[in-house]
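First comes the structure, then the notes that go with it.
No lab work stands behind these numbers, since they all come straight from the coordinates. These figures come from a predicted structure and were not determined experimentally. As a convention, Cβ positions derive from the backbone with ideal geometry for all residues, glycine included, and neighbour counts pool all protein chains shown.
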2 protein chains.
Amino acid sequence: MGFFKNLFSNSDTVATASQSTPHNKLQNGGSVADETRIVFSTSRELDLYELEELCDAVGWSRRPLRKVKKALQHSFLVVSMWEERGAKRKLIGFARATSDHAFNATIWDVVIHPKYQSRGLGKALMKYTIKKLRSEDISNITLFADPHVVEFYRRLGFILDPEGIKGMFWYPD
Amino acid sequence: MGFFKNLFSNSDTVATASQSTPHNKLQNGGSVADETRIVFSTSRELDLYELEELCDAVGWSRRPLRKVKKALQHSFLVVSMWEERGAKRKLIGFARATSDHAFNATIWDVVIHPKYQSRGLGKALMKYTIKKLRSEDISNITLFADPHVVEFYRRLGFILDPEGIKGMFWYPD
């Protein structure tokens with residue numbers, strides 16, 4: 001909990017942590033130049049090609065950038081996660097949510113770059129996303145989970161089919 | 001199919017049908033004064049108290065009207081269904097959807113007044129809602145169904161847990 005608490009308390013929109021020494025930033029006296037930071041942002045100003053590259057990396061099928069741009073504009077929340085090393089910045093994670101701004105939010109397109117998986121960064125991204133939605137007084141946070149990530153979301157406190165409520169999809173023929 | 005086709009082809013925002021003679025309006029020579037019409041609308045100008053009354057009728061717990069108003073304002077689509085008899089108009093059905101305006105929509109708060117259930121009006125309301133979302137080029141229509149309405153949505157073409165995708169909920173402690 002200590003790591004995430006520090007991560008989120010630094011700033012409302014951007015939080016940083018040294019990746020190598022998460023519990024005590026720069027405890028080994030590292031200089032700023034060689035420090036690696038993980039930065040979260042809720043800014044919508046994303047390079048669509050960089051986002052496409054991230055989605056390509058996890059094997060998602062490509063979507064028209066015009067529609068992706070529209071979807072970002074009309075998402076209630078857009079969260080990006082970056083690795084910063086000196087002046088370099090790389091998009092390594094993403095999530096967004098639609099919402100009625102009052103009761104419900106639905107999280108879509110959660111992605112962590114394969115090279116950055118299994119380090120707790122997906123958990124950090126989701127905790128940041130939940131925190132942001134909670135700060136907007138959204139109490140019903142929902143998502144549709146692929147089978148292989150159901151357990152991941154369950155560990156984050158998401159409940160499967162609560163009281164028998166079932167996720168359903170309608171697709172055009 | 002004939003009934004719904006007629007219902008939806010009349011107008012883009014409002015469709016009407018005689019309830020007593022759905023397949024051939026006024027075939028028995030009824031006058032306009034005693035005609036009962038079912039009208040659909042996507043206007044957001046709803047009387048919040050009338051909506052609350054409808055939700056009360058199906059036993060939903062009350063929600064602050066201030067938040068309901070905000071939710072309607074920020075829903076992508078708000079569908080209301082009315083019974084019109086002469087100059088009288090009664091709200092008998094409701095549904096709304098959040099969306100990213102590009103890929104996904106999630107339908108919430110589908111309600112039909114108990115006195116008007118079991119007449120195919122829920123089906124008509126959902127078909128109207130799906131048609132509206134499809135006309136906006138939304139291809140992924142989702143919802144969270146209570147156990148007793150899963151079969152209702154399945155008959156409308158909604159698929160339960162497609163490819164093992166599971167609906168999940170997060171609530172505050």
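May I ask for the net charge around A:MET168, where only other residues with Cβ less than 12 Å from the Cβ of A:MET168 are counted and Lys, Arg are +1 while Asp, Glu are -1?
Net local charge, A:MET168 excluded: 0.
Across peptide A:130-138, how many C-beta atoms of other chains are within 10 Å of each residue C-beta, on average?
1
Once the other residues with Cβ under 11 Å from the Cβ of B:THR98 are scored (Lys, Arg +1; Asp, Glu -1), what is the net sum?
-2
Closest beta-carbon to the B-to-A rotation axis: which chain B residue owns it, and what is the separation in whole Å?
B:GLY167, 1
Just grab the label-to-label distance for B:TYR49 and B:HIS74, each label 7 Å out from Cα along the Cβ direction, in nm (one decimal).
So the two model labels end up 2.7 nm from each other.
For each pair in A:LYS69/A:LYS132; A:LYS70/A:LYS166; A:LYS166/B:LYS70; A:LYS131/B:LYS123, compute the distance between the two Cα atoms and list the pairs where it is over 32 Å.
In this structure, A:LYS131/B:LYS123 lie more than 32 Å apart at Cα.
To make sure I understand the rule: partners must be aspartates and glutamates, Cα under 19 Å from the Cα of A:LYS67, and not fewer than 8 residues away in the same chain. Which ones qualify?
Result set, ordered by chain and number: A:GLU45, A:ASP47, A:GLU50, A:GLU52, A:GLU53, A:ASP56, A:ASP109, B:ASP100, B:GLU136, B:ASP137.
Taking θ = phi - 60°, what integer Hz values does the Karplus form 6.51 cos²θ - 1.76 cosθ + 1.60 yield along the range A:136-152, in sequence order, with x for Gly and Pro?
Along the range A:136-152, the couplings run 9, 6, 7, 9, 10, 9, 10, 7, 10, 9, 4, x, 6, 10, 4, 5, 4 Hz.
Determine the shielding of peptide B:139-149 by partner chains: average, over its residues, the number of Cβ atoms on other chains within 10 angstrom of each Cβ.
Going residue by residue through B:139-149 and averaging, the value is 5.
Inside 10 Å of the C-beta atoms of A:92-104, what's the mean count of C-beta atoms belonging to other chains?
Average neighbour count from other chains, rounded to a whole number: 5.
To two decimal places, what compactness ratio does the range B:118-173 give when its Cα radius of gyration is scaled by 2.2 N^0.38 Å?
1.30
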